[in-house]
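Scroll down for the structure; my scribbles are underneath it.
The values are calculated or read from the model by the stated rules, or taken from the named source; none is laboratory data. As the structure is a computational prediction, the values presented were derived from the model and not from experiment. Cβ placement follows ideal geometry from the backbone for every residue including glycine, while neighbour counts extend to all protein chains displayed. Accessible surface areas use protein heavy atoms only, side chains included; no ligands, DNA or RNA. Shrake-Rupley method; radii C 1.70, N 1.55, O 1.52, S 1.80 Å.
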Amino acid sequence: MCGTCGCGETDQISIRKPGENQEHAHSHKHTHDGHNHDHHHDHDHAHSHQHTGDHHHGAEIQLEQDILQKNNLLAERNRGFFEAKNILAINLVSSPGSGKTTILEKTIEKINKHHNLFIIEGDQQTMNDAERIDKAGAPVVQVNTGAGCHLDASMVNRAVKKLNPDEGSMVFIENVGNLVCPSMFDLGETCRVVIMSVTEGDDKPLKYPTMFETSDLCIINKTDLAPYVNFSTDKAREYALKVNHHLEIIEMSAQNDEGTEQWISWLEKQTRQ
Amino acid sequence: MHELSVAMSIVESVEEETHRAGGSSVSEIVLEIGILSGIIREALDFALEEAIKGTILQEADIRIEEIPGIAKCSSCGTEFRTGDHFTICPECMNPYTDIIQGKEMKIKSIKIAFK
């Protein structure tokens, strides 16, 4: 969906592999009265549409429809694809700069030999993360959302088609760095993993509860810096569990390779479920 | 600003339903938004104002009904009203609860006009 004018187009969003030129097929030519809606009338109408003149009448329709129904339906299609191909799909969410890409680099280094890893990188701009992942040795597609603050199921659907992940592989979706918006958008992932780094403060789960509430695993990253930034791991755990007592928690310093074994075992456990 | 995406989804769904029913414009939209849904009411109002411009929704009266939050204690099963995700159980003081109401984001109903 276009984040600029509210039309149904996927303007601004670019999905490409490292080395590819920017695709910009869509231009902003459409007007709002020029939409070509293709609706199927496969149900009976109660009224006959024969009124003339300036006679108006109205009708109330009870919808009871989820606002994000379109996204949710497409997310279920993504999920169906992942399930059918026996793919473990992980949605990584966090603030910007919490270490998502470094964690992915370490993960690739450690298990790419045993499991095929495929990565979808989400950022507003740049190919920087895709280039890092490419260097680390995993197939990657970069989604640039332009002004968009989160990935949605449609972007992931397009990215997955381009990435074409193998049967039995792991697909990591690195969401746009943002601890608020991505929480609402189901991408069709198998599990959602929230990463918080100690420099962000131990009360992050209380400040941004929705993200922690919708996640399956919380990684507390950059633990090597904890003594310098007055971060209490116990408090962070307590707050995170208060918001979501089903949450599993792993402490990690991806940079120093601490806690990464636990993360790998967690991933392997998910592939067996 | 995920409220903009939410507002655009509302416009899209309502346009679709209105066309499907043969309507030409929308006079009223009733939304149900849970207070724990992660939607900021003011941000949604602002986003909707922009998103409906130039659409068949632009004259619509938009009503938002807030759904209160209810949590259930994972230990004693007590259900209680809450405005956040981390209030402890008032009965047994257990900190671990599950939100069972207040995360809704729904288009409840629309009123449409025919030409």
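The table below lists the values:
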read-out: Note, ³J(HN,Hα) from phi for the range B:39-55, Karplus 6.51, -1.76, 1.60, rounded to Hz, x at Gly and Pro; value: 8, 8, 3, 5, 5, 5, 4, 5, 5, 5, 3, 6, 5, 8, 4, x, 10
read-out: Amide H contacts of B:MET105 (H built 1.01 Å from N, under 5 Å, at least 5 apart or other chain); value: A:ILE67, B:GLY34
read-out: Three-way shape label, the protein assembly as shown, alpha-carbon gyration tensor, a/c 1.5; value: oblate
read-out: Sites A:LYS135 and A:ASP234, calculated FRET efficiency, Cβ-Cβ separation with R0 45 Å, nearest 0.05; value: 0.75
read-out: Sequence-distant residues sharing a close amide H with A:ILE87 (under 5 Å, placed H); value: A:GLY168
read-out: Area of A:MET155 that stays accessible when all protein chains are in place (1.4 Å probe, Å², to 10); value: 10
read-out: Separation of the A:TRP266 and A:ASP203 label points, Cα + 7 Å toward Cβ, nm; value: 2.5
read-out: Sites matching GluC sites (Glu not before Pro) across the range A:119-170 that sit in DSSP coil, with at most 10 neighbouring C-beta atoms within 10 Å; value: A:GLU167
read-out: Where GluC sites (Glu not before Pro) fall in DSSP loop in the range B:1-103, at most 15 other Cβ within 10 Å; value: B:GLU59, B:GLU91
read-out: Karplus (6.51, -1.76, 1.60) ³J(HN,Hα), θ = phi - 60°, over the range A:194-208, in Hz, Gly and Pro reported as x; value: 9, 10, 10, 9, 5, 5, 7, x, 7, 9, 3, x, 6, 6, 10
read-out: In degrees, nearest ten, helix B:2-20 long axis to first principal axis of chain B (Cα); value: 50
read-out: Lysine-lysine proximity count for chain B, Cα under 30 Å, sequence distance 8 or more or distinct chains; value: 10
read-out: Tensor-based shape of the range A:67-144 (alpha-carbon gyration tensor, a/c under 1.5 rounded, otherwise prolate or oblate); value: oblate
read-out: Hypothetical label at A:GLU64: residues of the range B:25-39 whose amide nitrogen lies under 15 Å (7 Å Cα-Cβ projection); value: B:32
read-out: Centroid-to-centroid separation of the range B:75-115 and the range B:2-54 [C-alpha atoms, Å]; value: 21
read-out: Interchain or long-range residues, amide H under 5 Å from A:ILE173's placed H; value: A:ILE90, A:ASN91, A:LEU92, A:ILE120
read-out: In Hz, Karplus ³J(HN,Hα) per residue of the range A:84-95 (6.51, -1.76, 1.60; θ = phi - 60°; x = Gly, Pro); value: 5, 9, 6, 9, 8, 10, 10, 9, 9, 10, 5, 5
read-out: Length-normalised contact order for the range A:69-267 - Cα pairs under 8 Å, 6+ apart - percent; value: 26
read-out: Rounded if a/c under 1.5, otherwise prolate or oblate - the range A:69-267, Cα gyration tensor axes; value: prolate
